[in-house]
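*Asks:* Have a look at this one.
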Amino acid sequence: MKEGQFQTELIYELKKRFDGCIILKTDPGHIQGLPDLLVLYNDRWAALECKASQFAHKQPNQEYYISIMNDMSFARIVYPENMKEVLDELQRSFSV
């Protein structure tokens, strides 16, 4: 599966789980390494970096931004192999 195809599937699942959420795609040319998606839901937010597989190459700074943004709210690298786990964690985070 290609990353774009996975990202489309992930967005579909996010909208299904979090009715009314707003999903924004970030501009990779603006800040290198910033996660692909920003998910806004009620008074909470999450940043998600999409990868085609758990073995996909990570760009410089991606883990740095994931770490910083996770300290602020919730951020993860998500790929098909961990999507359910990440969405379950996100649901718990959004429920607090």
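*Asks:* Just to be sure before I move on: is Lys84 touching a strand residue (DSSP E or B) at 6+ places or on another chain (Cβ under 8 Å), charged (D, E, K, R) and outside any strand (DSSP E or B) in the structure I sent?
*Replies:* For Lys84, the condition - touching a strand residue (DSSP E or B) at 6+ places or on another chain (Cβ under 8 Å), charged (D, E, K, R) and outside any strand (DSSP E or B) - is not met.
*Asks:* Residue under question is Ile68, and the condition is that it be loosely packed, with under 15 Cβ neighbours inside 10 Å and of a type outside the set (Phe, Trp, Tyr); does it hold?
*Replies:* Criteria met by Ile68.
*Asks:* Tell me, which residue of the range 24-64 that is in a loop (DSSP other than H, G, I, E, B) and of a type in the set (Val, Ile, Thr) is farthest from the chain's Cα centre (by Cα)?
*Replies:* Ile31
*Asks:* Given the conditions (1) among the hydrophobic types (A, V, I, L, M, F, W, C); (2) closer than 17 Å to Gln59 by Cα; (3) surrounded by 15 or more Cβ atoms within 10 Å (Cβ to Cβ), which single one is not true for Ile11?
*Replies:* (2)
*Asks:* In the range 14-33, how many residues are surrounded by 14 or more Cβ atoms within 10 Å (Cβ to Cβ) and either acidic (Asp, Glu) or more than 20 Å from Glu89 (Cβ to Cβ) (or both)? Write out each step before concluding.
*Replies:* To start, the set of residues in the range 14-33 that are surrounded by 14 or more Cβ atoms within 10 Å (Cβ to Cβ) comprises 14-15, 17-18, 21, 23, 26, 33.
Filter once more, so that each one left must be either acidic (Asp, Glu) or more than 20 Å from Glu89 (Cβ to Cβ) (or both): 26, 33.
Result for the range 14-33: 2.
No value in this document is a laboratory result; all are computed from the given coordinates. In this text the structure is predicted, and so the values were computed from the model without any measurement. Cβ sites come from the backbone with ideal geometry, for glycine too, and all protein chains shown count toward neighbours.
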